[in-house]
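Engineer: This is the structure I have questions about; it appears just below.
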There are 2 protein chains.
Amino acid sequence: MASIVARAWELARSEGIGGITLRALARQVGMRQPSLYEYFDSKNALYDAMFADGNRQLLERLDGLDLPEDPRQAVKLFMRTLAEFVLEDGARHQLLFQRPIPGFEPSPASFAHAEEFLARGVDLLHAAGVRDPGDVDCVVAVVAGLVDAQASNDPGGDRWTHHLDRLIDLHIDHAQQRSTP
Amino acid sequence: MASIVARAWELARSEGIGGITLRALARQVGMRQPSLYEYFDSKNALYDAMFADGNRQLLERLDGLDLPEDPRQAVKLFMRTLAEFVLEDGARHQLLFQRPIPGFEPSPASFAHAEEFLARGVDLLHAAGVRDPGDVDCVVAVVAGLVDAQASNDPGGDRWTHHLDRLIDLHIDHAQQRSTP
DNA sequence: GTCTATAACGAGATAGAC
DNA sequence: GTCTATCTCGTTATAGAC
């Protein structure tokens, strides 16, 4: 079951997340297509398992970090790690952070993992003095903007992501100034 | 022909850009599906016509502006207009600024319109003192980040876009400081 | 130019034997 | 659990009459 999901990720990397077919997946795992229905009730159930798995991978990655004491440096490492994770695998990026499959919505259980990740980021930003929810939104949007631009236009490069640390500093400074005038 | 494209946009708004089928489009225009092949050689040719049309709409919208003398205010108006344009129509946003249709790439002729738009934005940023290409990338990514977040999570609202002016100021100031140390 | 008819394909899902 | 066989549906695209 876990190995089927792993094969599905391989397939997604080569064919695109929307290019997965149950026939192709079955071939990858050495089965016939109908046998997959023993493991997933539907194709969307497969996507849901992948969504949960991808988020689990991300949380694992973040668990492996030892975050600096300095909250601002912690935010930077967190965001750089996120960027690296996302740029490793375009299909995973799409499934976790965009809505690439019409008709697919993650189940509440799978979505909880995604919220857990977001909550960790927000906590770090709080510790770094970014308390206003609007300022949190801005930092999140800026990081997403850089990472998306990198992924769409030059995955593998760093034309956009090399600005990450500097912009995070800029926005944290700005947020702190606004909250203590 | 122009009216077929207009109907295609209606369809895209209700069914999603990827949810267009030639049958449904034919029904909308009061034809049978094969008759559409008189106007478009393939489905991707339809998408290409829509891509060109969407960019034409955007350029038209920008032509209608009278931009303030102050270059910084001009940038803000330009970006606000872009945001408004994008948030009006999620399907158009997808087709013009994302890669929602596997296998579809705009033709060079259509793509030229998109580059024209980008060039206008970059010119304005130059006039506002954002000359370093890296700084241009940052402003573009920030605006895209805010607009995408708005479109994905709350189209119709302004939770993210109401930060546009402030962040543009922040980034222009920052770029100017960096270029004249 | 528009039509009817249909080809050619591929997808997800199900029935039922083993 | 895995298989073979098949259903059902929808799609783009083409042939050829009018």
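Engineer: Would you be able to tell me the number of residues in the stretch B:1-38 that are farther than 24 Å from residue B:99 by Cα, of a type outside the set (A, V, I, L, M) and not in a helix (DSSP H, G or I)?
Structural biologist: Total meeting the criteria: 2.
Engineer: Take the residues of the stretch A:153-181 that are charged (D, E, K, R) and assigned to a loop (DSSP other than H, G, I, E, B): which is nearest to the other protein chains (Cβ to nearest Cβ)? Before the answer, list the steps.
Structural biologist: So in the stretch A:153-181, the residues charged (D, E, K, R) come out as A:154, A:158-159, A:165-166, A:169, A:173, A:178.
Going one step further and asking which of them are assigned to a loop (DSSP other than H, G, I, E, B), we end up with A:154, A:158-159.
Numbers: A:154: 10, A:158: 11, A:159: 7 Å.
That would be A:159.
Engineer: Still on this structure: Considering only the stretch A:53-62, I want to know if a residue exists there that is of a type outside the set (Gly, Ala, Ser), closer than 27 Å to residue B:18 by Cα and either modelled with pLDDT of 95 or more or part of a helix (DSSP H, G or I) (or both).
Structural biologist: yes
Engineer: Tell me, which residue of the stretch B:1-41 that is of a type in the set (S, T, N, Q) and out of contact with any Leu (no Cβ under 9 Å at 6 or more places or on another chain) is farthest from residue B:91 (Cα to Cα)? Full working, then the answer.
Structural biologist: Looking only at the stretch B:1-41, we keep the residues that are of a type in the set (S, T, N, Q), and these are B:3, B:14, B:21, B:28, B:33, B:35.
The next check asks that each one be out of contact with any Leu (no Cβ under 9 Å at 6 or more places or on another chain); those that pass are B:3, B:14, B:35.
Values: B:3: 17, B:14: 9, B:35: 24 Å.
Across the stretch B:1-41, the extreme among qualifying residues is B:35.
Engineer: Continuing with the same structure: Name the pairs: first residue in the stretch B:68-83 and at pLDDT 95 or above, second residue of a type in the set (D, E, K, R), Cβ to Cβ under 6 Å, at least 6 apart or on different chains?
Structural biologist: The qualifying pairs are B:76/B:165.
Engineer: Additional query: Which residues, taken from the stretch A:1-46, are of a type outside the set (Gly, Ala, Ser), within 14 Å of DNA strand D (Cβ to nearest atom) and out of contact with any helix residue (DSSP H, G or I) (no Cβ under 9 Å at 6 or more places or on another chain)?
Structural biologist: Answer for the stretch A:1-46, where residues must be of a type outside the set (Gly, Ala, Ser), within 14 Å of DNA strand D (Cβ to nearest atom) and out of contact with any helix residue (DSSP H, G or I) (no Cβ under 9 Å at 6 or more places or on another chain): A:38, A:41.
Engineer: Keeping to the stretch B:20-56, report how many residues are closer than 14 Å to residue B:104 by Cβ and within 14 Å of another protein chain (Cβ to nearest Cβ).
Structural biologist: Total meeting the criteria: 1.
Engineer: Identify, by number, the condition in (1) in a helix (DSSP H, G or I); (2) away from chain B (no Cβ under 12 Å) that residue A:136 doesn't meet.
Structural biologist: Among (1) in a helix (DSSP H, G or I); (2) away from chain B (no Cβ under 12 Å), the lone unmet condition for residue A:136 is (2).
Engineer: Tally time: how many residues in the stretch A:1-30 are aliphatic (A, V, I, L, M) and loosely packed, with under 15 Cβ neighbours inside 10 Å?
Structural biologist: Restricting attention to the stretch A:1-30, the residues satisfying the condition of being aliphatic (A, V, I, L, M) are A:1-2, A:4-6, A:8, A:11-12, A:17, A:20, A:22, A:24-26, A:29.
Applying the additional criterion that residues be loosely packed, with under 15 Cβ neighbours inside 10 Å yields A:1-2, A:6.
Total meeting the criteria: 3.
The values are calculated or read from the model by the stated rules, or taken from the named source; none is laboratory data. Nothing here was measured: the structure is a model prediction, and the numbers come from that model. We place every Cβ from the backbone using ideal geometry, glycine too, and count neighbours over all the protein chains shown.
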